[in-house]
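The values are calculated or read from the model by the stated rules, or taken from the named source; none is laboratory data. This one's a predicted model, so the numbers in the text were calculated from it and none came from an experiment. Methodologically, a virtual Cβ is constructed for each residue, glycine included, from the backbone with ideal geometry; neighbour enumeration extends over all protein chains shown. We work out accessible area using only protein heavy atoms, side chains counted, and drop any ligands, DNA or RNA first. Shrake-Rupley method; radii C 1.70, N 1.55, O 1.52, S 1.80 Å.
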Amino acid sequence: METVEQNTLENNIGKTHNVSGSLAVIDALLSEDITTVFGYPGGAIMPIYDALYDFNDSLNHILVRHEQGAIHAAQGYARVSGKTGVVFATSGPGATNLVTGLADAQIDSTPLVCITGQVFAHLLGTDAFQETDVINITTPITKWNYQVTDANEIPEVLAKAFFIASSGRPGPVLIDITKNAQLQLFDYKGYRQCVHVRSYRAEPIVRNEYIEQAAKLINEAKKPFVIFGQGVILGNAEKEFLAFIEKAGLPTAWTIMGMSAIPTNHPLGVGMLGMHGNYGPNYLTNECDVLIAVGMRFDDRVTGRLDKYAKQAKVVHLDIDPAEIDKNVATTVAVWGNCKETLPLLTALVEEKTHTEWFKEFDIKKEKETTQLITKELNPTEGELTMGEVLNVLNELTNGEAVIVTDVGQHQMVACRYAKQTKSRSNITSGGLGTMGFALPAAIGAKFGAPEREVIAIMGDGGAQMNIQELGTIMQFKPNVKILILNNSFLGMVRQWQELFHKKRYSFTDIQSPNFVTLASAYNIAGKQISKREELKASLKEMLDHPESYLLEVAVLHEDNVFPMVPQGKGVAEIVLSKEEI
Amino acid sequence: MKQEHTLTVYSENQVGLLNKIAIIFSRRKINLESFNSSPSEIEKIYRFTIVVKETEEVVRNLVRQIEKIVDVFKVFNNTNDEIIWQQIALYKVPTSIIMKDAKVERLLRQFGANVVVIRNDYTVFEATGQDDEINNLLKELDKYGLIEFVRSSRIAIIKSSEGVHKQVLDMQKNDPRKSPINNEYLNSKSKIFQM
Ligand SMILES: Cc1ncc(C[n+]2csc(CCOP(=O)(O)OP(=O)(O)O)c2C)c(N)n1
């Protein structure tokens, strides 16, 4: 491992002899400029919490109400800020409560360093109290994990952890530290940031011949189509990406994870891909002649049936992770590398074009989606409120500047379809894992990661009850988070599938909810429940204007369905606009 | 078409690494034909030799997933014509039968087997070779009261003239963020691996 000298010793902990492993952990965090930690204490991590006690000023520790809340908060923090999220949890149940969040961060490439306490090294393997084999449990859901049993290892292992979590394609790292190592006193030589791990390639080298081949394909294309994912955001390559699509005049669609990397109203933007994405980009995926995929991984929710996916097109795939190339969709030209680096090289070689005729095809499809569906969704004049119109009014009020953190289900799809976003890192959602219960803690974390921004958690009545204990965290630490519950009295997305594919047999999807407003008030959080169109705008405004956190529950249409839809097992061009077409 | 692929994995020698590699296969419900681990010729670097019977496409994805493991340096993927490989087998046979039956001795000579231990009650033979050779001897010895048999996993040497060793070591010297070898290998497999 190569490291950079860093003279942080005196500043942070002020000593070198008889330094405890725990203090070395704290020093590592301070040296990495970590300011916020989400966590929950317990027996096996008490020495670290004891060391933390003296660093209240420099390290802001947020005590959550459940370790799952801690890790989702750290994810929200990382997603909104681009910094690495840090989590503390104790051994056994504390560590196992991180599992869902680790899996979520792994599949959505979120940089995290999770530090778990572990029983004394001499007790490993004895079924000691709160001993769980956390390394083996978390191996498939971490980018890297490691168990420390000797304090001497701590500085180097944590340096490695931070480097691995944030470099290349980011991901969660878990470091399990036995209690003896936390207590152990050792001669501390200081913290050195890691810049290289000899067996690890953060980024593949960029090869010009592939850039040239890609440019040639793009220049010769009659119907080129760009689809992009979170890679553009993770690479901080928003500007480079815009320069690329603007020069070549390319119609561009985003995945749910890529959303907000370009403004949602950008003239070259043709909408969202995926099962509930927009009609045009899904349909026309099967009409383009060159498909240019940037920082995305061809998830099955994006491709639909693979043997009916873009078969007519030549595929250019830009990705930092070689394992993504050819994994699901065979590429014609693979451009490996960080798109921050590869996009400018490509931009230099592409010709300026406008593709006016090709854009018209998108316009026609958009027109069809709008008249058949969007208008009704966004501007209904009678009946119960729809999720779409809530989003529509919210857009008006926020002007697309808020961070929208969604849970999982119909409201998530509606929010991602209709939310207006003008800044990158505005759309925070559990894309790959689809974790219900994500939104509330992730929104808390997002607020700590971007205190200057408005953060709105949008949840269903089901998901709202899945990590609702985190209202306690809001009560105690007072992040200003707006909570918008779109209550359809159902586990809506599952109910939709039951309606469409299981003959309306609503097996356990009618879910009852507590009085959310009363519940919020028990946590000293103001709130309101509405169900009428007339109240909508004023209530949303009241929520946004409220100086502290606020919960607004909106009763919406019970049995509404999200369309368009690419039914499972169907190709993207088989996208339907209504249930009659299924 | 499914065929045998031998993967040679160079990695750090770290607790838990075997598991990190093994779960890449088990997650995809892919059976390992054979799995061997040993120190490599490079100090502190380990070498795994893994045999799977899968299509080129599946194996390519497996290779990339294994290379993604932080502690793995490099994975080489070779079909049988690109490697020299051997397995070792031990056979335990009653000594009384061998003493009596001259045919057995002939057999052993024919298969190039060696005696490892001779006791009053049994004798242990060792044979090195590929599947067929080991199996044929097994079949024969079975007729003479074979007591016990064990076969090792495959170990393989890559025929390529360019040293694998050097490539792995080069990784340490290169610009830490980059991996030219990685790209080059995947793009010009034939050049690197033809005899
Ligand atoms: C932890 C978890 N459990 C189950 C599911 C399966 N699931 C996906 S959407 C959904 C319904 C969500 O209902 P609700 O939160 O009310 O949101 P709505 O779809 O009504 O907007 C369920 C149960 C999931 N995604 N995550």
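Residues that are within 13 Å of chain B (Cβ to nearest Cβ) and surrounded by fewer than 23 Cβ atoms within 10 Å (Cβ to Cβ), at least 2 per element: which strands (runs of 3 or more DSSP E) completely within region A:134-211 meet that?
Numbers: elements: A:144-148, A:172-178, A:193-196.
Because the criterion is at least 2 residues that are within 13 Å of chain B (Cβ to nearest Cβ) and surrounded by fewer than 23 Cβ atoms within 10 Å (Cβ to Cβ), the strands (runs of 3 or more DSSP E) in region A:134-211 that meet it are A:144-148, A:193-196.
Regarding A:Asp510, is this residue over 24 Å from A:Val393 (Cα atoms) and either modelled with pLDDT of 95 or more or among the basic types (Lys, Arg) (or both)?
It is true that A:Asp510 is over 24 Å from A:Val393 (Cα atoms) and either modelled with pLDDT of 95 or more or among the basic types (Lys, Arg) (or both).
If I ask for residues that are under 12 Å from A:Ile292 (Cβ atoms) and within 14 Å of another protein chain (Cβ to nearest Cβ), which ones from region A:335-363 would you list?
Matches in region A:335-363: A:Val335, A:Thr342.
From A:Gly432, A:Gly445, A:Gly463, A:Gly437, which residue is in contact with a helix residue (DSSP H, G or I) (Cβ under 9 Å, 6 or more places away or on another chain), among the small types (Gly, Ala, Ser) and open to solvent by 10 Å² or more (accessible area, probe 1.4 Å)?
A:Gly432
Anything in region A:448-488 that is part of a loop (DSSP other than H, G, I, E, B) and either at positive phi or among the acidic types (Asp, Glu) (or both)? List them, or say none.
We begin by selecting, within region A:448-488, every residue part of a loop (DSSP other than H, G, I, E, B); these are A:450-454, A:461-462, A:466-467, A:478-480, A:488.
Residues satisfying the conditions are A:Glu452, A:Glu454, A:Asp461, A:Lys478.
Evaluate the following for A:Ile71: is it under 22 Å from A:Leu471 (Cα atoms) and in a helix (DSSP H, G or I)?
Details: under 22 Å from A:Leu471 (Cα atoms): yes; in a helix (DSSP H, G or I): yes.
Considered against the rule, which asks whether it is under 22 Å from A:Leu471 (Cα atoms) and in a helix (DSSP H, G or I), A:Ile71 comes out as yes.
If you go through region B:1-33 one residue at a time, how many are outside any loop (DSSP other than H, G, I, E, B) and either surrounded by fewer than 20 Cβ atoms within 10 Å (Cβ to Cβ) or within 14 Å of chain A (Cβ to nearest Cβ) (or both)?
Filtering region B:1-33 down to residues outside any loop (DSSP other than H, G, I, E, B) leaves B:3-12, B:17-26.
Filter once more, so that each one left must be either surrounded by fewer than 20 Cβ atoms within 10 Å (Cβ to Cβ) or within 14 Å of chain A (Cβ to nearest Cβ) (or both): B:3-4, B:9-12, B:17-26.
Adding up the residues that qualify gives 16.
What do you reckon, is A:Gln465 away from the ligand (no atom under 16 Å from the Cβ) and not basic (Lys, Arg)?
no
Of (1) of a type in the set (S, T, N, Q); (2) over 19 Å from the mean Cα position of the chain (by Cα); (3) within 16 Å of B:Leu17 (Cβ to Cβ), B:Thr123 satisfies all except one. Which?
If we test B:Thr123 against (1) of a type in the set (S, T, N, Q); (2) over 19 Å from the mean Cα position of the chain (by Cα); (3) within 16 Å of B:Leu17 (Cβ to Cβ), just (3) comes out false.
Could you list, ordered by first residue, the pairs with Cβ atoms under 6 Å in which the first is in region B:17-42 and hydroxyl-bearing (Ser, Thr, Tyr) and the second is assigned to a loop (DSSP other than H, G, I, E, B) and open to solvent by less than 90 Å² (accessible area, probe 1.4 Å), at least 6 apart or interchain?
Qualifying pairs under 6 Å: B:Ser34/B:Ser153; B:Ser34/B:Arg154.
What are the residues in region A:65-112 that are touching an Asp or Glu at 6+ places or on another chain (Cβ under 6 Å), surrounded by fewer than 24 Cβ atoms within 10 Å (Cβ to Cβ) and farther than 21 Å from A:Ala128 by Cα, if any? Don't jump to the end; show me each part of the working.
To start, the set of residues in region A:65-112 that are touching an Asp or Glu at 6+ places or on another chain (Cβ under 6 Å) comprises A:65, A:69, A:89, A:94, A:97-98.
From what is left, the residues that are surrounded by fewer than 24 Cβ atoms within 10 Å (Cβ to Cβ) are A:65, A:97.
Once the filter is applied, which keeps residues that are touching an Asp or Glu at 6+ places or on another chain (Cβ under 6 Å), surrounded by fewer than 24 Cβ atoms within 10 Å (Cβ to Cβ) and farther than 21 Å from A:Ala128 by Cα, region A:65-112 yields only A:Arg65.
Tell me the residue from A:Ala28, A:Ala74, A:Ala70, A:Ala44 that is in contact with a Lys or Arg (Cβ under 8 Å, 6 or more places away or on another chain), hydrophobic (A, V, I, L, M, F, W, C) and modelled with pLDDT of 95 or more, please.
Values: A:Ala28 fails: in contact with a Lys or Arg (Cβ under 8 Å, 6 or more places away or on another chain); A:Ala74 fails: in contact with a Lys or Arg (Cβ under 8 Å, 6 or more places away or on another chain); A:Ala70 fails: in contact with a Lys or Arg (Cβ under 8 Å, 6 or more places away or on another chain).
So the residue among A:Ala28, A:Ala74, A:Ala70, A:Ala44 that is in contact with a Lys or Arg (Cβ under 8 Å, 6 or more places away or on another chain), hydrophobic (A, V, I, L, M, F, W, C) and modelled with pLDDT of 95 or more is A:Ala44.
Do you know which of the residues in region A:477-491 that are of a type outside the set (S, T, N, Q) and buried (at least 24 other Cβ atoms within 10 Å of the Cβ) is nearest to the ligand (Cβ to nearest atom)?
It comes out as A:Leu486.
To keep it simple, each residue is scored yes or no on (1) within 22 Å of A:Ile404 (Cβ to Cβ); (2) open to solvent by less than 60 Å² (accessible area, probe 1.4 Å); (3) of a type in the set (D, E, K, R).
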| position | (1), (2), (3) |
| --- | --- |
| A:Met475 | no, no, no |
| A:Met493 | yes, yes, no |
| A:Lys504 | no, no, yes |
| A:Thr509 | no, yes, no |
| A:Lys532 | no, no, yes |
| A:Glu548 | yes, no, yes |
| A:Phe563 | yes, yes, no |
| A:Gln568 | no, no, no |
| A:Val572 | no, yes, no |
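Would you check if there is a residue in region B:70-84 being within 14 Å of chain A (Cβ to nearest Cβ) and outside any strand (DSSP E or B)?
yes
Of the residues A:Glu542, A:Glu535, only one is of a type outside the set (Gly, Ala, Ser), more than 14 Å from chain B (Cβ to nearest Cβ), away from the ligand (no atom under 16 Å from the Cβ) and in contact with a strand residue (DSSP E or B) (Cβ under 8 Å, 6 or more places away or on another chain); which?
Going through A:Glu542, A:Glu535 in turn, just one is of a type outside the set (Gly, Ala, Ser), more than 14 Å from chain B (Cβ to nearest Cβ), away from the ligand (no atom under 16 Å from the Cβ) and in contact with a strand residue (DSSP E or B) (Cβ under 8 Å, 6 or more places away or on another chain): A:Glu542.
Do we have A:Gly274 as in contact with a helix residue (DSSP H, G or I) (Cβ under 8 Å, 6 or more places away or on another chain), part of a loop (DSSP other than H, G, I, E, B) and in contact (Cβ under 8 Å) with a residue 60 or more places away in the chain here?
yes
Restricting attention to region A:416-447, which residues are within 11 Å of the ligand (Cβ to nearest atom) and in a helix (DSSP H, G or I)?
Passing the criteria: only A:Ala439.
Going by the structure shown, is A:Ala402 among the small types (Gly, Ala, Ser), within 22 Å of A:Asn467 (Cβ to Cβ), out of contact with any Leu (no Cβ under 7 Å at 6 or more places or on another chain) and at pLDDT 95 or above?
Numbers: among the small types (Gly, Ala, Ser): yes; within 22 Å of A:Asn467 (Cβ to Cβ): yes; out of contact with any Leu (no Cβ under 7 Å at 6 or more places or on another chain): yes; at pLDDT 95 or above: yes.
For A:Ala402, the condition - among the small types (Gly, Ala, Ser), within 22 Å of A:Asn467 (Cβ to Cβ), out of contact with any Leu (no Cβ under 7 Å at 6 or more places or on another chain) and at pLDDT 95 or above - is met.
Does any residue of region A:496-514 turn out to be closer than 17 Å to A:Ala464 by Cα and either among the basic types (Lys, Arg) or away from the ligand (no atom under 16 Å from the Cβ) (or both)?
No: zero hits.
Within region B:34-56, which residues are within 14 Å of another protein chain (Cβ to nearest Cβ) and over 14 Å from B:Ile155 (Cα atoms)? Please lay out each step first, then the result.
Taking region B:34-56 first, the residues within 14 Å of another protein chain (Cβ to nearest Cβ) are B:40, B:42-48, B:55-56.
Those that are within 14 Å of another protein chain (Cβ to nearest Cβ) and over 14 Å from B:Ile155 (Cα atoms): B:Ile42, B:Glu43, B:Lys44, B:Ile45, B:Thr55, B:Glu56.
Is it true that A:Arg453 is open to solvent by 30 Å² or more (accessible area, probe 1.4 Å), over 19 Å from A:Glu67 (Cβ atoms), in the same structural domain as A:Leu397 (by TED's automatic domain parsing) and away from the ligand (no atom under 15 Å from the Cβ)?
Spelling it out, it is not the case that A:Arg453 is open to solvent by 30 Å² or more (accessible area, probe 1.4 Å), over 19 Å from A:Glu67 (Cβ atoms), in the same structural domain as A:Leu397 (by TED's automatic domain parsing) and away from the ligand (no atom under 15 Å from the Cβ).
Taking the criterion of being within 12 Å of the chain's Cα centre (by Cα) and outside the structural domain of A:Arg297 (by TED's automatic domain parsing), would at least one residue in region A:122-132 satisfy it?
Scanning region A:122-132 turns up no residue that is within 12 Å of the chain's Cα centre (by Cα) and outside the structural domain of A:Arg297 (by TED's automatic domain parsing).
Does B:Lys92 qualify as being more than 13 Å from chain A (Cβ to nearest Cβ), at negative phi, without any contact (Cβ under 8 Å) to a residue 12 or more places away in the chain and among the charged types (D, E, K, R)?
It is false that B:Lys92 is more than 13 Å from chain A (Cβ to nearest Cβ), at negative phi, without any contact (Cβ under 8 Å) to a residue 12 or more places away in the chain and among the charged types (D, E, K, R).
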